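In what follows, a structure is listed as structure tokens, so that the remarks can point back to it.
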Amino acid sequence: MLPLGDAGDGLQGSRTLGVRLAGTNAGMNILLDECVPWPMRQFLTGHECTTVQKRGWGGVKNGELIRLAAGEFDLFITSDQNIRYQRNLAGRRISILELSTSDLRRIRAAAADIQVAIASIKPGEFRHLSIL
């Protein structure tokens with residue numbers, strides 16, 4: 001694993017560069033989209049999280065954002081319902097988890113479902129998670 005470190009993010013531990021342990025989703029490097037509330041990282045324990053904004057990618061269009069993220073991250077979490085229409089999703093190893101809402105209260109209430117989705121998502125898989 002390659003340590004990246006990000007002293008300004010307020011999180012403990014080292015970062016890893018897009019490397020998953022064989023057969024598990026433990027210790028994933030996760031990128032949260034601009035539309036996903038940053039506090040959701042609190043229940044993504046065991047993973048390294050950062051945001052599009054912290055990477056300096058704010059305002060980057062979906063297709064280019066996926067291309068940039070694919071080189072560094074295992075999982076991209078978004079609530080942008082248009083992400084599924086990107087033509088360049090095929091052939092990528094980065095997984096994409098699309099949440100049906102960006103409402104933090106609803107996301108917190110669905111924390112267990114989100115954790116299960118992250119634990120079971122396959123490399124390159126696109127998955128929509130409906131949160132009521």
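The values are calculated or read from the model by the stated rules, or taken from the named source; none is laboratory data. As the structure is a prediction and not an experimental result, all values here were calculated from the model. Counting neighbours? That spans all protein chains shown, and the Cβs are built from the backbone with ideal geometry, glycine included.
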*All but one of (1) buried (at least 16 other Cβ atoms within 10 Å of the Cβ); (2) in contact with a Gly (Cβ under 7 Å, 6 or more places away or on another chain); (3) at pLDDT 90 or above hold for Gln86; which doesn't?*
(3)
*Residue by residue through segment 26-68, note down the ones that are charged (D, E, K, R), surrounded by fewer than 21 Cβ atoms within 10 Å (Cβ to Cβ) and under 23 Å from Ile131 (Cβ atoms).*
Glu34, Arg41
*Could you list, in sequence order, all residues of segment 61-80 that are over 22 Å from Gly27 (Cβ atoms) and modelled with pLDDT under 95?*
Lys61, Asn62, Gly63, Glu64, Leu65, Arg67, Asp80
*Within segment 69-77, is even one residue free of Cβ contacts under 8 Å to residues at least 60 places away in the same chain, surrounded by fewer than 19 Cβ atoms within 10 Å (Cβ to Cβ) and more than 24 Å from Leu132 (Cα to Cα)?*
yes
